[in-house]
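The values are calculated or read from the model by the stated rules, or taken from the named source; none is laboratory data. Because the structure is a prediction, the values reported are computed rather than measured. Please note: Cβ atoms are built from the backbone with ideal geometry, for glycine as well, and neighbour counts cover all protein chains shown. Quick note on the areas: whole protein, heavy atoms, side chains included, nothing else; ligands and nucleic acids left out. Shrake-Rupley method; radii C 1.70, N 1.55, O 1.52, S 1.80 Å.
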Amino acid sequence: QQQVKQSPQSLIVQKGGISIINCAYENTAFDYFPWYQQFPGKGPALLIAIRPDVSEKKEGRFTISFNKSAKQFSLHIMDSQPGDSATYFCAAAGQGGKLIFGQGTELSVKP
Amino acid sequence: EPEVTQTPSHQVTQMGQEVILRCVPISNHLYFYWYRQILGQKVEFLVSFYNNEISEKSEIFDDQFSVERPDGSNFTLKIRSTKLEDSAMYFCASSADPGGDEKLFFGSGTQLSVL
């Protein structure tokens, strides 16, 4: 019940395309859903986050779509760029800030 | 932007040895965490720490692990007798208020290699 399932494991997108990464959770007590971006040799960096009272949040080229009834959320990266190539992790948290991470998606954006 | 600082960046140790991983959280933060990431796997929660005590720990965080905030600025993770399977990247994180919209800031990690 504490798991967060993420797909796909890897993704190759052409420059300018849309990257879509999906996550699903089980625990209805989760109330905070962040996405992290990780470059090799670095720690995860918060990209964008959403709470379950909204269905969508957009920040620049990054959008989270949230479906509370389906217990799913997704990250959309519009106009993907080679600099977006990284590993992306979804996560979920309840009170106290303990993050449960998904398995990660390795995104490669081809020029 | 403020940073969480971790030292050392790499640590190599022999199985059975004790290691201490060090972290300097962001100065006004009150909530501290350790996570680890085994190569190619997801980031896993180890422990959270608030008000000078552990607030939550995972099943990974057994008796071989301990955390301490020895001097009001550093936050350390000690592994008493390292095992091969402790080899991983260890991340420290801190937050001002994780229950609100304050995000967790992660350090760059310490790569621990147990031989």
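Given the criterion open to solvent by 30 Å² or more (accessible area, probe 1.4 Å), within 8 Å of another protein chain (Cβ to nearest Cβ) and modelled with pLDDT under 95, identify the matching residue among B:SER48, B:SER55. Walk me through it before giving the result.
Numbers: B:SER48 fails: open to solvent by 30 Å² or more (accessible area, probe 1.4 Å).
The match here is B:SER55.
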Report summary line: Exception for A:TRP35 within (1) open to solvent by 20 Å² or more (accessible area, probe 1.4 Å); (2) in a strand (DSSP E or B); (3) out of contact with any Gly (no Cβ under 7 Å at 6 or more places or on another chain) falls at (1)
Report summary line: Restricting attention to region A:45-69, the residues that are open to solvent by less than 70 Å² (accessible area, probe 1.4 Å), part of a loop (DSSP other than H, G, I, E, B) and in contact (Cβ under 8 Å) with a residue 12 or more places away in the chain number exactly 3
Query - Flag if B:VAL67 is away from every other protein chain (no Cβ under 11 Å), crowded, with 20+ Cβ neighbours inside 10 Å, farther than 23 Å from A:ASP31 by Cα and modelled with pLDDT of 95 or more - result: yes
Query raised in the report: List pairs: first in region A:31-44 and among the basic types (Lys, Arg), second in a loop (DSSP other than H, G, I, E, B) and open to solvent by less than 10 Å² (accessible area, probe 1.4 Å), Cβ under 7 Å, 6+ apart or cross-chain?
Result: none
Report summary line: Note: among B:LEU84, B:LEU77, just one is buried (at least 22 other Cβ atoms within 10 Å of the Cβ) and away from chain A (no Cβ under 14 Å), namely B:LEU77
Report summary line: Within region B:8-43, residues being surrounded by fewer than 14 Cβ atoms within 10 Å (Cβ to Cβ) and within 22 Å of A:GLN38 (Cα to Cα) number 7
Query raised in the report: Are any of the residues in region A:17-27 in a strand (DSSP E or B), loosely packed, with under 14 Cβ neighbours inside 10 Å and either modelled with pLDDT under 95 or not acidic (Asp, Glu) (or both)?
Result: no
Report summary line: Restricted to region A:91-111 and to residues being under 18 Å from B:TYR33 (Cα atoms) and assigned to a strand (DSSP E or B), the residue most open to solvent (accessible area, probe 1.4 Å) is A:ILE100
Requested in this report: Starting from region A:76-90, take each residue that is surrounded by 20 or more Cβ atoms within 10 Å (Cβ to Cβ) and list its partners that are part of a helix (DSSP H, G or I) and not polar (S, T, N, Q), counting only C-beta distances under 9 angstrom and pairs at least six apart or across chains.
Outcome: A:ILE77/A:ASP84
Query raised in the report: Looking at (1) open to solvent by less than 50 Å² (accessible area, probe 1.4 Å); (2) of a type outside the set (Val, Ile, Thr); (3) in a strand (DSSP E or B); (4) under 30 Å from A:PRO52 (Cα atoms), which is the one condition that is false for B:SER113?
Result: (4)
Query raised in the report: Mind checking whether some residue in region B:47-69 is more than 11 Å from the chain's Cα centre (by Cα) and touching a residue at least 60 places away in the same chain (Cβ under 8 Å)?
Result: no
